[in-house]
Amino acid sequence: MKKIALFIDYANLWASYKKLGKMLDFRELHSFLESELRWKLEIKYIYFAYPESGTRDYNVSGIHKFAVFLEKELWFNIVKKPLKLIEVRDSAGKVVLNWSGKPTIVEKWNLDIELSMDVMQTWNNFDKMVLFSWDSDFKCISDFLIKNNKEVFVFSTLWNISSELMKGSSKYYDLVDLPEKIFISKLQHRSQRDRGNKKS
C-alpha cells in the first residue's frame, strides 16, 4: 500500500495560526490529506518545544495535554524538548539588560535536526511526504526525497514560506486556501484537546 508521512514543525505552524486567527482540527486534517493525496496516511510526527515549569506566570501544562491527545487519540509520534533560554549579548559580548536591570532573555525553539533525522530514518517507509514548515533548511531534504522518486508536499502561508522550499517541493499548499472544515477556533481546539486527554 502506498503511504503518506506527515511531519509538522509546530513552531512554524503556530506562527501561521496567529495570523490566520484559527487552528487546524487534526482529525479533519488526516481525512483531508488522505482524500487530497489519495493514499493512506500511516506515519505522523509532530515537533514541539515547551516552556519549563517556573518560567511562566501561568499554567504551562496545555502543550503537554495537547501532545498526549495527539499521541493517544491520533497516533502521532511526539518529539518535544524544553525551550532553550539564551542571554542576549551586544557586539562586545556584554549581556544586554532589560528595563528591570535583568539579563535580556530570548527563547530558541528549534527541532529542525530532530525532524530531519526522523525523515532520513523513515524515508524508505513512505511514498509521499507532507511537511508543515516554512524553513528553507528543509530544501535539502526535499531535494533528496524527490531525487529518490518521492513526492514532497509543503504546507505553510505565503507570508512565511521560503521561496527555496516552496519552489523545491512537488507542490505547495497555502493554509489560507484549505477547506474551512479542517479548521477550528482556539477555544474549540482547547476543549477538544482536553476531552481527548480525559479519555486517555
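The values are calculated or read from the model by the stated rules, or taken from the named source; none is laboratory data. Everything quoted here is computed from the prediction, not taken from an experiment. Methodologically, a virtual Cβ is constructed for each residue, glycine included, from the backbone with ideal geometry; neighbour enumeration extends over all protein chains shown. The accessibility values were calculated without ligands, DNA or RNA, using every heavy atom of the protein model including side chains. Shrake-Rupley method; radii C 1.70, N 1.55, O 1.52, S 1.80 Å.
Please list the three semi-axes, largest first and in whole Å, of the ellipsoid equivalent to the chain, using sqrt of 5 times the eigenvalues of its alpha carbon gyration tensor.
30, 22, 16
Taking every pair of distinct Cα atoms and averaging 1/r, then inverting, what Kirkwood hydrodynamic radius in Å comes out for region 118-170?
11.0 Å
Projected onto the charge dipole of the chain (+1 at Lys/Arg Cβ, -1 at Asp/Glu Cβ, origin at the Cα centre), which of Thr122, Ala49, Leu175 gives the Cα projection farthest towards the positive end?
Positive-end residue among those listed: Ala49.
What are the lysines whose alpha-carbon lies under 19 Å from the alpha-carbon of Lys2, with same-chain residues fewer than 8 places away excluded?
Partners found: Lys40, Lys44, Lys128, Lys147, Lys150, Lys171.
For the chain, calculate the relative contact order in percent as a whole number, restricting contacts to Cα pairs under 8 Å that are 6 or more residues apart.
Once divided by the residue count of the chain, the mean separation gives 28 percent.
Would you mind checking which residues have amide H under 5 Å from Leu41's amide H? H placed 1.01 Å from N; only 5 or more apart, or other chain.
Placed amide hydrogens put Ile4 under 5 Å from Leu41.
Let me check I've understood the local charge: for Lys3, count other residues with C-beta under 10 angstrom from its C-beta, Lys and Arg +1, Asp and Glu -1. What total comes out?
Result for the neighbourhood of Lys3: +1.
Solvent-accessible area of Ile8, probe 1.4 Å, all protein chains present, reported in Å² to the nearest ten, please.
0 Å²
Please report, as a whole percent, how much of the solvent-accessible surface of the chain comes from carbon and sulfur atoms (probe radius 1.4 Å).
The C+S portion of the solvent-accessible surface of the chain is 50 percent.
Taking H as built 1.01 Å from N, whose amide H comes closer than 5 Å to the amide H of Asn77, not counting residues under 5 places away?
Lys44, Tyr45, Ile46
If each of Asn59 and Trp159 carries a label point 7 Å out from its Cα toward its Cβ, how far apart are those two points in nm?
Simple spin-label model gives 3.1 nm for this pair.
Run the simple label-point estimate for Asp143 and Lys94 please: 7 Å along Cα→C-beta, distance reported in nm.
So the two model labels end up 4.3 nm from each other.
Tally Lys/Arg at +1 and Asp/Glu at -1 over every other residue whose Cβ is under 13 Å from the Cβ of Phe32; what's the total?
-3
Can you tell me the dipole magnitude for the chain around its Cα centre, using point charges on the Cβ only (Lys, Arg +1; Asp, Glu -1), in Debye to the nearest 20?
500 debye
Using a Förster distance of 25 angstrom, determine the FRET efficiency expected from the C-beta separation of Lys181 and Lys40, and round it to 0.05.
0.75
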